[in-house]
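**Q** Here it is, the structure in full.
The values are calculated or read from the model by the stated rules, or taken from the named source; none is laboratory data. What you see is a predicted model; the values in this text were computed from it and never measured. Positions of Cβ are generated from backbone atoms using ideal geometry, with glycine treated the same way; all protein chains shown enter the neighbour counts.
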């Protein structure tokens, strides 16, 4: 985008998405409600893929862990936006109702939209920590999937959103496109969360393009495999 045009629309870009964004959660569950583990997977669009939830439940069943597992998704949301939505009383009540009680374990799956939108590592860290603080009051343990590697060289967003992402990339990320490592390093070992290393599942986007349907979302088979992998780390 020409620099002059970017400067002209800068006031609009700063207004786009500046208000706190919330939405009603999309919730799906596997396993019967019982006295076993109650596992809540919360995040952007990734937890909303049924194959991930089914893989997670299958992995828990293989380990003979009696559990009720629910996935809560907010497509297109950054870590901060997911946090704002789970604090909404309607969503908080819906999550407890779906599980049958408060969760015993929570898995946070955010970061894809933070890197695509180039909101900056500080914003990603703040959003992830706010989610941790929200859930560790009721959950015995909080896990988080480290930043997934997706296609960042090509922004597939609509033009106005892509322009905003470009501006934020310059401001927050020094113009760099490949920022997943930098965002991941913003979370230290003293975060009171247990990391589930995404790189041990899939080390990069490049060289593994066949694992994705659109550069941002895994194929159903890969989402299922990711669910199995997450189960092995709980």
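**Q** Tell me, which residue of region 76-105 that is in a loop (DSSP other than H, G, I, E, B) and modelled with pLDDT under 95 is surrounded by the most Cβ atoms within 10 Å (Cβ to Cβ)? Before the answer, list the steps.
**A** Taking region 76-105 and keeping what is in a loop (DSSP other than H, G, I, E, B), we get 76-78, 87-88, 100-104.
With the extra rule that they be modelled with pLDDT under 95, the set shrinks to 76, 87-88, 100-104.
Details: 76: 16, 87: 14, 88: 14, 100: 14, 101: 12, 102: 15, 103: 24, 104: 17.
Per the criteria, the residue is 103.
**Q** Which condition number in (1) in contact (Cβ under 8 Å) with a residue 60 or more places away in the chain; (2) within 26 Å of residue 61 (Cα to Cα) is the one that residue 183 fails?
**A** Here residue 183 clears every test but (2).
**Q** Which condition breaks for residue 200 when tested against (1) within 18 Å of residue 45 (Cβ to Cβ); (2) within 18 Å of the chain's Cα centre (by Cα)?
**A** Here residue 200 clears every test but (1).
Residues are listed down the side, and each one gets a yes or a no for (1) surrounded by fewer than 23 Cβ atoms within 10 Å (Cβ to Cβ); (2) under 17 Å from residue 176 (Cα atoms):
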{"residue": "109", "(1), (2)": "no, no"}
{"residue": "124", "(1), (2)": "no, yes"}
{"residue": "129", "(1), (2)": "yes, no"}
{"residue": "134", "(1), (2)": "yes, no"}
{"residue": "146", "(1), (2)": "yes, no"}
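**Q** What's the total number of residues in region 135-159 that are in a loop (DSSP other than H, G, I, E, B), in contact with a helix residue (DSSP H, G or I) (Cβ under 9 Å, 6 or more places away or on another chain) and within 25 Å of residue 204 (Cα to Cα)?
**A** First pass over region 135-159, keeping only residues in a loop (DSSP other than H, G, I, E, B): 136-140, 146-158.
Within this subset, residues satisfying the condition of being in contact with a helix residue (DSSP H, G or I) (Cβ under 9 Å, 6 or more places away or on another chain) are 138, 146-152, 155-157.
From the residues that got through so far, the ones that are within 25 Å of residue 204 (Cα to Cα) too are 146-152, 155-157.
Qualifying residue count, region 135-159: 10.
**Q** Still on this structure, please answer the following. For region 39-56, enumerate the residues that are touching a strand residue (DSSP E or B) at 6+ places or on another chain (Cβ under 6 Å) and more than 15 Å from residue 220 (Cα to Cα).
**A** Matches in region 39-56: 39, 40, 41, 42, 43.
**Q** Can you tell me which of 206, 190 is loosely packed, with under 15 Cβ neighbours inside 10 Å, at pLDDT below 90 and assigned to a loop (DSSP other than H, G, I, E, B)? Give the derivation first.
**A** Numbers: 206 fails: at pLDDT below 90.
Exactly one residue qualifies, and that residue is 190.
**Q** Here's a follow-up. Given the criterion in a helix (DSSP H, G or I) and over 14 Å from the mean Cα position of the chain (by Cα), identify the matching residue among 130, 162.
**A** Numbers: 130 fails: over 14 Å from the mean Cα position of the chain (by Cα).
Unique residue meeting the criteria: 162.
**Q** Could you tell me whether residue 142 is more than 26 Å from residue 171 (Cβ to Cβ), surrounded by 19 or more Cβ atoms within 10 Å (Cβ to Cβ), under 15 Å from the mean Cα position of the chain (by Cα) and touching a residue at least 12 places away in the same chain (Cβ under 8 Å)?
**A** The answer is yes for residue 142.
**Q** Restricting to region 31-49, what's the tally of residues that are closer than 12 Å to residue 107 by Cα and part of a strand (DSSP E or B)?
**A** 6
**Q** Looking only at region 145-159, count every residue that is within 19 Å of the chain's Cα centre (by Cα) and without any contact (Cβ under 8 Å) to a residue 60 or more places away in the chain and tell me the total. Write out each step before concluding.
**A** Within region 145-159, the subset within 19 Å of the chain's Cα centre (by Cα) is 145-152, 155-157.
With the extra rule that they be without any contact (Cβ under 8 Å) to a residue 60 or more places away in the chain, the set shrinks to 146-147, 149, 152, 155, 157.
So the answer is 6.
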